[in-house]
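One structure is given below, encoded as structure tokens.
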Amino acid sequence: MTNSPRPHGSPLPPARRPADGLPGPRSPRTPAAAVAAAPGGKPAKPRDAFFDNAKYLAIVLVAMGHVWDPLKGQSRVMEALYMVVYAFHMPAFIIISGYFSRSFDMRPDRVKRLVTGVVVPYVLFETVYSLFSRWVGGSDLAISLLDPWYLTWFLAALFVWRLTTPLWKVVRWPLPLALCLGLIASVSPEIGDDLDLQRVLQYLPFFVLGLSMKPEHFQMVRRREVRVLAVPVLAAALVVGYWAAPRMNTAWFYHRDSAQEMGAPWWAGVIMTLALYGCSLVLTACFFAWVPRRTVWFTALGAGTLYGYLLHGLVVKAFEYGGWFDEEWVREPVGEVFVTVVAAALITALCTRPVRRIFRFAMEPKLAWAFKRDATEVARERAKATVQPTAAQPVNA
């Protein structure tokens, strides 16, 4: 078989790279199965090691902060570390969550993922944590899906933030609007505890910031000069934290109460919240600057951070209810280092693939029975069923 010559024997034009944002032709070497496996028939994008590394490191800091909480009152150094970590570890995690919510809309498949990946784990773990507190901790905590307890507030907040994503994508000034809402919440004690709306609103600017960010913004903080500058900035933050430890209420870092509820005048809420927003952004940039960009041993664990986040709280609470943090040796410097290492090891183990496989029923349930079949998905499956292998068929010249 021979190919037909081009008219007039003219050479083929040189291949040109498609413009940014425009799809290019699919390479003939791209496996058809890989294309068909991805939603919409497009090849699945590889995971970015930087974001998986950032999520893992942030969740390790979350676990460390939770074991430092019962100990910080006995050590000024521990309290300074606690304040610095709490200034940026959740903002960093929320910014990444916002960044990966940019494509969210009300498309049926995305709504399904929101339900199975956020709503269902929230309902399950809010129930589990409440029962655990009653049976193990001896509390009278009632099961209430409107009042998140301990770690589950983040799932409730993520649900609200993601549902409002289409709004933030159409308003003209999304970040200033979110900032105003956060500041108003910090001086509004009447908001109440339903769905932990104080935290939802006060952390909202970080989520909207993530929605507004582009890949080049993360490239800016990963430059060498930023990494060098991050070292003295973090050192200065630790010095300020050491100075502020006996003088400042750490509840400001939780963003869960208004200024009036913490015994401060309303105007202090505006000033403190703005100051903490600024500190959080600077320290988050320093954190991102030192996150590895290449694949390392813990990169794969970044895909399991939700598992580690929700499961480690049960272990921490079990230690707390058992009086383990009240032991004298734990409150010594060697004991504090020990529990820090244990917390890092625990959260690492809970992010591994075997743990994810065991608890996938709770974190990522399929629930196909609960949803209607999407017409587009049904048509795609029919199209796949009718496609026959064509590699061995002859091509007529």
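Hey, what's the Kirkwood Rh for segment 141-300 if you take every pair of different alpha carbons, in angstrom?
On the way: mean 1/r = 0.0567 Å⁻¹.
Computed over Cα pairs of segment 141-300, the Kirkwood hydrodynamic radius comes out at 17.6 Å.
Using the basic label-point model (7 angstrom from Cα toward the beta carbon), what is the residue 216 to residue 344 distance in nanometres?
Going by the 7 Å Cα→Cβ label model, 3.7 nm.
Pairs of Cα atoms under 8 Å, at least six residues apart: use those to get the relative contact order of the chain, whole percent.
On the way: 427 pairs, mean separation 106.5, N = 397.
Relative contact order for the chain comes out at 27 percent.
May I ask for the net charge around residue 230, where only other residues with Cβ less than 15 Å from the Cβ of residue 230 are counted and Lys, Arg are +1 while Asp, Glu are -1? The partial results should precede the final answer.
Details: positive: 222, 223, 224, 227, 293; negative: 225.
Charge balance near residue 230 sits at +4.
Grab the alpha carbons of segment 53-184, take their convex hull, and tell me the volume per residue in Å³.
Details: hull volume 19.9 nm³, N = 132.
Dividing the Cα hull volume of segment 53-184 by its residue count gives 151 Å³.
So what J values fall out for segment 299-316 if you push phi through Karplus, 6.51 cos²θ - 1.76 cosθ + 1.60 with θ = phi - 60°, rounded to Hz, Gly and Pro as x?
So the Karplus estimates, Gly and Pro as x, are 4, 4, 6, x, 6, x, 5, 5, 4, x, 4, 6, 7, 5, x, 5, 5, 4 Hz.
When a/c reaches 1.5 or more, the comparison of a/b and b/c decides; with that in mind, is segment 225-312 rounded, prolate or oblate per its Cα gyration tensor? Mind dumping the intermediate values first?
Working: a/c = 2.62, a/b = 1.51, b/c = 1.73.
Note, shape of segment 225-312 comes out oblate.
Can you list, largest first and rounded to whole Å, the semi-axes you get for segment 87-158 by taking the square root of 5 times each eigenvalue of its Cα gyration tensor?
Working: eigenvalues 150, 55, 11 Å².
Computed over segment 87-158, the values are 27, 17, 7 Å.
Would you be so kind as to identify which of 174, 245, 125 lies farthest towards the positive end of the dipole of the chain, taking Lys and Arg as +1 and Asp and Glu as -1 on Cβ and the Cα centre as origin?
Value computed over the given set: 174.
Apply the Kirkwood formula to segment 289-365: the hydrodynamic radius equals the inverse of the mean of 1/r over all pairs of different alpha-carbon atoms; give it in Å with one decimal. All intermediate terms of the calculation are to be shown ahead of the outcome.
On the way: mean 1/r = 0.0706 Å⁻¹.
Computed over segment 289-365, the radius equals 14.2 Å.
Could you rank the peptides 207-216, 282-291 by their average count of other C-beta atoms within 10 Å per residue, with the highest value first? Don't jump to the answer; show the numbers that get you there.
Working: 207-216: 18.1, 282-291: 20.7.
So the order, starting with the most tightly packed, is 282-291, 207-216.
Counting only C-alpha contacts under 8 Å and six or more residues apart, can you give the relative contact order of segment 68-145 as a whole percent? The partial results should precede the final answer.
On the way: 28 pairs, mean separation 11.2, N = 78.
It comes to 14 percent, rounded to a whole number.
How far apart, in nm, are two points set 7 Å out from the Cα along the Cα-to-Cβ line at residue 327 and at residue 113?
Going by the 7 Å Cα→Cβ label model, 4.3 nm.
Where does each of 333-343, 65-75 land if you order them by average Cβ count within 10 Å, highest first?
Details: 333-343: 15.1, 65-75: 17.9.
Listed from highest to lowest mean packing, they are 65-75, 333-343.
Quick one: if you stick a label point 7 Å off each Cα along the C-beta vector at residue 254 and residue 298, how many nm between them?
The answer from the label model is 2.6 nm.
Quick check: the distance between the Cα centres of segment 65-105 and segment 255-322, to the nearest angstrom?
Going from one Cα centre to the other spans 2 Å.
Exposure proxy check: 326, 193 ranked by fewest other beta carbons within 10 Å? Don't skip to the end; give the middle numbers.
Details: 326 11, 193 15.
With the fewest neighbours first, 326, 193 line up as 326, 193.
Assuming a ≥ b ≥ c are the square roots of the Cα gyration tensor eigenvalues, decide whether segment 112-214 counts as rounded (a/c under 1.5), prolate (otherwise, with a/b larger than b/c) or oblate. Numbers along the way, then the final one.
Working: a/c = 3.20, a/b = 1.71, b/c = 1.87.
Oblate is the answer for segment 112-214, as a/c is 1.5 or above yet b/c matches or exceeds a/b.
To check my understanding: the extent here is largest minus smallest coordinate of the Cα atoms along each principal axis. What are those three numbers for the chain, in Å, largest first?
For the chain, the Cα spread along each principal axis is 86, 49, 44 Å.
Values in this text are rule-based calculations from the coordinates and carry no lab data. Fair warning: this is a prediction, and the values are worked out from it, not measured in the lab. Don't worry about glycine lacking a Cβ; one is built from the backbone with ideal geometry, like all the others, and counts go over all protein chains shown.
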